[in-house]
Amino acid sequence: KRSSSERSDSDSESLADSGAWHDDSRHRPQKRRAGVQSADEFIRVQQRKAERRQQKQRHLTILERYYSQPTYHGQSSAVCLFQLVEKLGRPPTFDTIWWAIVGVTSQLWLDRIDEDGYELVASSMSDTVSRVCLVATNTRSTSSTSKGTGTPHGGARPTRPAIDSAPRPTADIASISDYFADIEANGESLHHQQQQQRMTSSKDVRQVTGIYPSREFRFTLLRHWSLHSAMSYSPFVVTRLASWSTRGRSKFDLLMAKLGLSQTEIRQPFAHLDPRLKRQLDEQFEEVAKDFDLADAMYPSFVRDFGWRKAKVSASDAVLALVSLLSTTGARESNRTLGDRESGMQIQIDEQADKDTERKRWLDGFYAAYDALSDFNALEDGIRSAMRLQRAIIEQGTSILERRAIKTLRAFRLAVITEVDGPHLSLFRHPLTLLQLAQFLMSALREQGKIEHAALPFVIAALNTSTDTYIVLGITPPEYTVKRPRHGQTTSLYAGQVRNHFGLIFEETATKMNIQIKQGRFDTSVIEVHRNDLANFADRLRRHL
């Protein structure tokens, strides 16, 4: 074997003999040029780099445009989940259908969807409800005929009225309401049969539950309140009649008189009203509604029957109950303010206590509303809470309108609620209740105010005495694209997607003022501003808009 020195010498000699190694400097650039790209390749590389830079810039532009756009509401998440269930091939249940219905109805009542969009989804849900209810009806019929006639107690089972004589559903029947209409036409009332069976035996009560389409009034909790209270605390009626004024109250009394009901009848629980008068109410209301600008008082909706001895619940009833549980359940408001704090350590302790209290309220409200989705007793608690909340919203709103406490500025309208504005202040520290109050006020101003001010945005601020801050909410007025007649004139009805710019505007205003705001909610149009900063913030906001 050769040594390493010998191998290196021989390799050097072979390289020298082959002409691959020379000391001549003329050949050194050739070795460097071997790794250099040609002109065409260099141009192609630079073009690829430029394309990558342009693509990255396009992506950054898309992200910047996305994060700088106003907020808006898309399809209800409950409807999306229901569609996902159908895509997975799972059979729909009354619960999943009802939750989707409640989801889309909440968007309608909170002005997060237009009438056309709601009716499109409601029509689709109506078809699904009809299909599922017919399947459930046939299933109950089959199961009842397959069972024996004995009872667990050894006695004779009461005879179940035969429903085989009722007309079978066909492809021509568009909805479950048509199906029951055919039953009534043939003299076989399924509802009457069920009532007869319930009265026959208390030991063999059959819980008949279901969902069916219905034309509902835009009155608040009508099925659980009196007609007078449902209309008195309905934002739809109050804003159309301006019932906070003397003239508006006179119109309200005149409307009640034209409905043909006595004072006793309109003030008794609507559930106890004579069924004959209930049926006449729809026709009677249609005759007089146009004279009071209430022609669109009814809309397509759904009602759920939870069984015997349980009140029927409309989709709007469930929405108001859930909203009330979300926003009013939880810890009581603390009387402590920033002025009571003494030391820096105490400030940190109090701030942490405020965070814990707010989280507890949020969790309590969430779980209360979650239980109400499947527990009828919890839902009834929510309905009772919704009555108190709707009463507070209308009373607070009419008080603001009577005192003319809303300031109309050049670029927006402003309302501020403080300790002197009544006993309901603590309710409006939650964004959902504050939103309902703001929508009521904006609707009242739109219906009764000047046309040139109808397009002004609305900002409302409510004092939170526990943190010495204001909860500030900004909403954008709806777009007016659908026309409706009103006293010989043409005005607009909400229809169209609304985008809220206030999230970005609030952030930019606070940045220019160099003040701290709390914008920690999912809805960026809701912020918290310190009590001492609100006046300057509103003034800068006026100049910014």
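The values are calculated or read from the model by the stated rules, or taken from the named source; none is laboratory data. Source: prediction; values computed, not measured. Here Cβ is always computed from backbone atoms with ideal geometry, including for glycine, and neighbour counts include all displayed protein chains. Accessible surface is based on the protein model in full, side chains and every heavy atom, while ligands, DNA and RNA are left aside. Shrake-Rupley method; radii C 1.70, N 1.55, O 1.52, S 1.80 Å.
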| message | To check my understanding: the extent here is largest minus smallest coordinate of the Cα atoms along each principal axis. What are those three numbers for the range 229-312, in Å, largest first? | response | 44, 27, 23
| query | Residue-wise, which Karplus ³J(HN,Hα) couplings in Hz belong to the range 415-431, taking 6.51 cos²θ - 1.76 cosθ + 1.60, θ = phi - 60°, and x for glycine or proline? | reply | 10, 10, 10, 10, 5, 7, 9, x, x, 9, 4, 5, 5, 9, 8, 9, x
| task | Using the structure shown, list the pairs from 258/290; 278/310; 251/278; 360/518; 290/312; 278/312 with a Cα-Cα distance above 24 Å, or answer none. | result | 290/312
| task | Would you mind calculating the gained length between residue 373 and residue 46 on full extension (0.36 nm times residue separation, minus the Cα-Cα distance), in nm to one decimal? | result | 111.6 nm
| Can you list the residues, at least 5 places off or on another chain, whose amide H is less than 5 Å from the amide H of residue 234, using H built in the peptide plane? | 220
| task | Using 0.36 nm per residue of separation minus the Cα-Cα distance, give me the extension gain between residue 512 and residue 362 in nm, one decimal. | result | 50.8 nm
| ³J(HN,Hα) computed for each position of the range 499-511 - Karplus, 6.51 cos²θ - 1.76 cosθ + 1.60, integer Hz, glycine/proline x | 10, 9, 8, 5, x, 6, 5, 4, 5, 5, 5, 5, 5
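Just to verify a number: FRET efficiency for residue 312 and residue 276, C-beta to C-beta distance, R0 = 22 Å, to 0.05?
The pair residue 312/residue 276 has a calculated efficiency of 0.75.
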| request: Return one whole number: the accessible area per residue of the range 273-317 in Å², for a 1.4 Å probe. | output: 49
| Nearest 0.05, what FRET efficiency do residue 455 and residue 283 give at R0 = 25 Å with Cβ-Cβ as r? | 0.10
| request: Give a quick list of GluC sites (Glu not before Pro) in the range 384-473 that DSSP marks as loop, anything other than H, G, I, E or B, with at most 10 other Cβ atoms within 10 Å. | output: 419
| request: Would you grab the residues whose amide H sits under 5 Å from the one on residue 413? Only those 5+ places off in sequence or on another chain, please, with H modelled 1.01 Å from N. | output: 458, 459
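How big is D, in µm² s⁻¹, for the range 67-118 by Stokes-Einstein at 4 °C and 1.567 mPa s if Rh is the Kirkwood radius over C-alpha pairs?
In µm²/s, the coefficient rounds to 108.
Once the Cβ-Cβ distance between residue 264 and residue 127 is put in as r, and R0 is 41 Å, what FRET efficiency do you end up with, to the nearest 0.05?
0.50
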| message | Tell me the relative contact order for the range 228-326 as a rounded percent, counting alpha carbon contacts under 8 Å between residues six or more apart. | response | 20
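Rounded, prolate or oblate: which one fits the range 216-267, using the alpha carbon gyration tensor with axes a ≥ b ≥ c (rounded when a/c is under 1.5, else prolate when a/b beats b/c, else oblate)?
oblate
What is the gain in length, in nm to one decimal, between residue 404 and residue 63 on full extension, counting 0.36 nm per residue of separation less the C-alpha to C-alpha distance?
On the way: separation 341, 0.36 × 341 = 122.76 nm, distance 4.32 nm.
Length difference between fully extended and current span is 118.4 nm.
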